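Here's the structure we're looking at; comments come further down.
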Amino acid sequence: MARVLVTYGSTRGSTAGIARWVGDALRRDGHRADVVPARDATGGVDVTGYDAVVIGGALYAGIWHKDARRFARRNARALRERPVWLFSSGPLDRSAEEKDIPPVRGVAKRMARLCARGHATFGGRLAADAPGMMAASLAKKMAGDHRDRDHVAAWAASVSAALRVEQPSG
Ligand SMILES: Cc1cc2nc3c(=O)[nH]c(=O)nc-3n(C[C@H](O)[C@H](O)[C@H](O)COP(=O)(O)O)c2cc1C
């Protein structure tokens, strides 16, 4: 059993939902998972109290959510000392289910810096009545919930399996 911190950056709540699904799947596999917004975790959570960390962030204009970036930057040293996985959420279509979407450049750099074990891109969600000019304009064509809980659970299962290998006694 591993103690896992699942933390995320989310503006409109859909990445928070994915993080909760990751936490649920890890718990079903017998791990202890705390799911915490990265905004709160950055100053308030001791990463050294966890065996592993999953960091998720929504994509906006090709950039990982600032709360996820800040968490990764501020905790870089502790993160490098334990297994870390990253995920991104964004595509407002089926593309994330149809193929593996590689991390955007900034996330790929962060993966290298943290020696992250893996990354997944999951479909996102945008409400038809999303506030904000850019969001409203995007929503005209792309509104909908493109998150796939099975995809998220399958990825979380791969994280879980890797943790079992690292901690066979748990
Ligand atoms: C203004 C705007 C820009 C976006 N840019 C991207 C993008 O570059 N790449 C992407 O995959 N998704 C993009 N999206 C989709 C969001 O990532 C998606 O809605 C995501 O689920 C939002 O997560 P959140 O609800 O946790 O904030 C964008 C959405 C908006 C409103």
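Could you check, for the stretch 32-51, whether at least one of its residues is out of contact with any Phe, Trp or Tyr (no Cβ under 7 Å at 6 or more places or on another chain), of a type in the set (S, T, Y) and under 24 Å from S137 (Cα atoms)? Checked against the condition, which is being out of contact with any Phe, Trp or Tyr (no Cβ under 7 Å at 6 or more places or on another chain), of a type in the set (S, T, Y) and under 24 Å from S137 (Cα atoms), the stretch 32-51 yields no hits at all.
Residues in the stretch 123-152 that are open to solvent by 30 Å² or more (accessible area, probe 1.4 Å) and either in contact with a Phe, Trp or Tyr (Cβ under 8 Å, 6 or more places away or on another chain) or of a type in the set (D, E) (or both): D129, D145, R147, D148, R149, D150, H151.
Inside the stretch 66-75, can you point out the residues that are surrounded by fewer than 18 Cβ atoms within 10 Å (Cβ to Cβ) and either part of a loop (DSSP other than H, G, I, E, B) or away from the ligand (no atom under 16 Å from the Cβ) (or both)?
Keep residues of the stretch 66-75 that are surrounded by fewer than 18 Cβ atoms within 10 Å (Cβ to Cβ), which gives 66, 70, 73-74.
Residues satisfying the conditions are R73, R74.
Of the residues making up the stretch 13-23, just one is surrounded by fewer than 17 Cβ atoms within 10 Å (Cβ to Cβ) and not small (G, A, S), namely R20. Evaluated against (1) modelled with pLDDT under 95; (2) open to solvent by 40 Å² or more (accessible area, probe 1.4 Å), V45 falls short on exactly one condition, (2).
Taking the condition within 14 Å of the ligand (Cβ to nearest atom), out of contact with any Ser or Thr (no Cβ under 9 Å at 6 or more places or on another chain) and touching a residue at least 24 places away in the same chain (Cβ under 8 Å), does D129 pass? It is false that D129 is within 14 Å of the ligand (Cβ to nearest atom), out of contact with any Ser or Thr (no Cβ under 9 Å at 6 or more places or on another chain) and touching a residue at least 24 places away in the same chain (Cβ under 8 Å). Of all residue pairs spaced 6 or more apart or on separate chains, those with beta-carbon atoms under 6 Å, a first member in the stretch 140-169 that is within 19 Å of D24 (Cα to Cα) and part of a helix (DSSP H, G or I) and a second member that is more than 16 Å from the ligand (Cβ to nearest atom) and open to solvent by less than 40 Å² (accessible area, probe 1.4 Å) are A153/A25; A156/A25; A156/L26; V159/W85; S160/L26; L163/A2; L163/A52.
Only residues that are touching a residue at least 60 places away in the same chain (Cβ under 8 Å), touching a Ser or Thr at 6+ places or on another chain (Cβ under 8 Å) and within 24 Å of R164 (Cα to Cα) were counted across the stretch 80-120, and they come to 1.
The values are calculated or read from the model by the stated rules, or taken from the named source; none is laboratory data. Predicted model, so just to flag it, every value in this text is computed and none were measured. Using ideal geometry, Cβ is built from the backbone for each residue, glycine included, and neighbour counts are taken over all protein chains shown. When the accessible area is computed, the model is the full protein with side chains, heavy atoms only, and any ligands, DNA or RNA have been set aside. Shrake-Rupley method; radii C 1.70, N 1.55, O 1.52, S 1.80 Å.
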